[in-house]
1. Confirm whether A:V14 is under 29 Å from A:P325 (Cβ atoms), at pLDDT 85 or above, within 16 Å of DNA strand D (Cβ to nearest atom) and assigned to a helix (DSSP H, G or I).
2. Looking at the structure I just gave you, is B:L108 farther than 25 Å from B:D336 by Cα, modelled with pLDDT of 90 or more, assigned to a strand (DSSP E or B) and not basic (K, R)?
3. Of B:T270, B:T328, B:T333, B:T302, which residue is among the β-branched types (V, I, T) and modelled with pLDDT under 95?
4. State yes or no: is B:I278 within 25 Å of B:E97 (Cα to Cα) and either of a type in the set (S, T, N, Q) or more than 14 Å from chain A (Cβ to nearest Cβ) (or both)?
5. Among the residues of the range A:168-187, are any open to solvent by 50 Å² or more (accessible area, probe 1.4 Å), among the small types (G, A, S) and touching a residue at least 12 places away in the same chain (Cβ under 8 Å)?
6. Quick one: A:G238 ticks every box in (1) within 32 Å of the chain's Cα centre (by Cα); (2) modelled with pLDDT of 95 or more except a single one, so which number is it?
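The values are calculated or read from the model by the stated rules, or taken from the named source; none is laboratory data. Please read all numbers here as calculations on a predicted model, not as lab measurements. Reconstructed Cβ throughout: ideal geometry from the backbone, glycine too, with neighbour counts over all protein chains shown. Accessible surface is based on the protein model in full, side chains and every heavy atom, while ligands, DNA and RNA are left aside. Shrake-Rupley method; radii C 1.70, N 1.55, O 1.52, S 1.80 Å.
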Number of protein chains: 2
Amino acid sequence: MDAQPRKRPTQADVGRLARVSPAVVSAVVNGRGGGVRVSDQTADRVWEAIRQLGYVPNVAARTLAGGRNNIVGVFTYEAVFPTEAKSFYHDFLAGIEEEAEERGCHILLFTGSRGEGRRRSIYKDGVNTLQLADGAVLLGQDEDREELAELLRDRYPCVFVGRREIAGGDASYAAADYASAAQRMVDFIVEHGHRRIGRIQSAWRHEALIDREAGFVAGCRRHDAAIDSVDTLVAPSGDAVANLVRILIDQQVSCVVTDDHAAAVTACRTARARGLRIPEDLSVVALGDYPGDDAGDQPITTVITPRRQMGMEAVRLLAGLLDDPADTRPRRTVLDCGLRLGTTVAAPPRH
Amino acid sequence: MDAQPRKRPTQADVGRLARVSPAVVSAVVNGRGGGVRVSDQTADRVWEAIRQLGYVPNVAARTLAGGRNNIVGVFTYEAVFPTEAKSFYHDFLAGIEEEAEERGCHILLFTGSRGEGRRRSIYKDGVNTLQLADGAVLLGQDEDREELAELLRDRYPCVFVGRREIAGGDASYAAADYASAAQRMVDFIVEHGHRRIGRIQSAWRHEALIDREAGFVAGCRRHDAAIDSVDTLVAPSGDAVANLVRILIDQQVSCVVTDDHAAAVTACRTARARGLRIPEDLSVVALGDYPGDDAGDQPITTVITPRRQMGMEAVRLLAGLLDDPADTRPRRTVLDCGLRLGTTVAAPPRH
DNA sequence: CTGAAAGCGCTTACAG
DNA sequence: CTGAAAGCGCTTACAG
């Protein structure tokens, strides 16, 4: 057979076969956009030639010439398919996939962006790799804010999944409304009669955590009259949680509120080890869930992140950004969180 | 601020500032590659200009001028991130990601390839969408073999995850060695003393299932002297399994061998409903595992598909294909499967 | 309604 | 050791 490094057919080849100019081929391929009009007959001839030759537009050329390539980028600093916490990104990605598919877009995962070190970066050797795609959705936790600021300065079209305040730039995002969810969670436990609330707060100052805090504080303020005490302890790491739970138990709180699911699970275990029953003796709630299955553990009453919807909405916002680049205002959506009622909340014990 | 659609500095701009030609800038940026040599003085001047202007190479232009784009495609007919069976593709993708990252490649998920119908297809409007990438890894079960045959005819560089015999083409693949694994599984149960074996076989004639069958049959033949009987029943669907299990129980088999994990779980449940204990009264093994967690069920003794390795190997094979396109022979690797020893096998009961 | 031409930003032979 | 030029494959004004 021919062993030559298969040369792909170009617009010129198609044009030659269909006896039209490359420009016409371009117009046909792109749904007669660009002010050029082509008769149905001609279009059919072009399509036939395209089919015969197996022509496919060259992404790079398209991008270079200014057109779009219908590729939505997805960038994460960590592995998209982690070995532990396998399902971490799944629901976000499912939403992104669904919406991208709906719009006829492909998804480009920037896995080849590891610079010098082990870490991925947007600017590989000073080059913004994301440019391969029309725009990108940015996911994940452990970010390089410097780089993100640069990305915004570059005016690269991107949307974050989750709220982000990037210095010097107006980031677009599809976020979860952790603030109101946290507030509703406070409503919920106060309605159950809790008057002494213990709070274990992450030391990390991520927007998602700041929002939880704001909502929690607002909720407590609203129930100021009903609540006797709120003890807030900051956990520098997950390892510290167990100790803090013991402290709160000693302070006689009837309900422990954690930032995330893992901390809530730890709280339950620690309390049980102290001989307390959940929820009879101590209630526990989380202001953030874990995407995986709880695998056997007692289902925690928790705020649910609308991951799938966030993914979908991020793609939608990005599409808007691309469709109207003249409008430079940030696109922002804040989506409602649900509360999942597990089995870890009951009325406080009577003494 | 300026609302203009972000215009970035180019090599030409840098060259103008540094008083050199664009070609020199290119050489400097790319570490003096391309046969062009530049004096250190000049290089410094260029770097200084780059810094001043904040120059960043344009990826699309680079790709266009260069050839390959370092994008590995991944194609599946179904959603890559399914709502049910969430983890179905995870391990494969993790392997693909790991190897792609190692090679500085990005991953393109062909999600925008839905043609007329609801289904994805490689040839959208008669056009091979996969050509957006340098080559592709093909995943999944429910395929369009016609289309795949066409893909091979097109000589598009692609590698399947799992063995495939495509009519009229030599498909490259990274497969699992189900045949030897099945054979070893037969060894295993015979060594445990099983003499009357019941087999529930899927009616589906996928390569992966054909391989299991071949291995199972070979294993039984090898132990011909030891085995009293092998009853093989074909299950047209998963729903039929329970009934077939009852038949096998009536026929006094001491071990049931299924093709997949789900059928094995059904077998266990059905047997238990009949008052049999697993494994004391009946042993059950599966020749294929399920990637998710077994969530509470008794761990099945099963063949393990090396998903991660298959994903990695597929990318490696693809890289080989791309690096040496002159060599048109198919690239094929068959990877060992492990056996997971669950708690569903014991010596057969004595009567 | 269609064609010829310029240009996107880069790399890579090819001359000097 | 350096510059001028062609070309990668496309889109997009611009003429006919």
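1. For A:V14, the condition - under 29 Å from A:P325 (Cβ atoms), at pLDDT 85 or above, within 16 Å of DNA strand D (Cβ to nearest atom) and assigned to a helix (DSSP H, G or I) - is not met.
2. Against the criterion (farther than 25 Å from B:D336 by Cα, modelled with pLDDT of 90 or more, assigned to a strand (DSSP E or B) and not basic (K, R)), B:L108 qualifies.
3. Only one candidate qualifies: B:T328.
4. It is false that B:I278 is within 25 Å of B:E97 (Cα to Cα) and either of a type in the set (S, T, N, Q) or more than 14 Å from chain A (Cβ to nearest Cβ) (or both).
5. yes
6. (2)
Here's the yes/no breakdown for (1) within 30 Å of A:K86 (Cβ to Cβ); (2) of a type in the set (F, W, Y); (3) open to solvent by less than 40 Å² (accessible area, probe 1.4 Å):
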| residue | (1), (2), (3) |
| --- | --- |
| B:R222 | no, no, no |
| B:A225 | no, no, no |
| B:V245 | no, no, yes |
| B:R277 | no, no, no |
| B:E280 | no, no, no |
| B:V284 | yes, no, yes |
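Quick grid of which residues meet (1) part of a helix (DSSP H, G or I); (2) outside the structural domain of B:R103 (by TED's automatic domain parsing):
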site	(1), (2)
B:V137	no, no
B:D142	no, no
B:I166	no, no
B:Q183	yes, yes
B:W204	no, yes
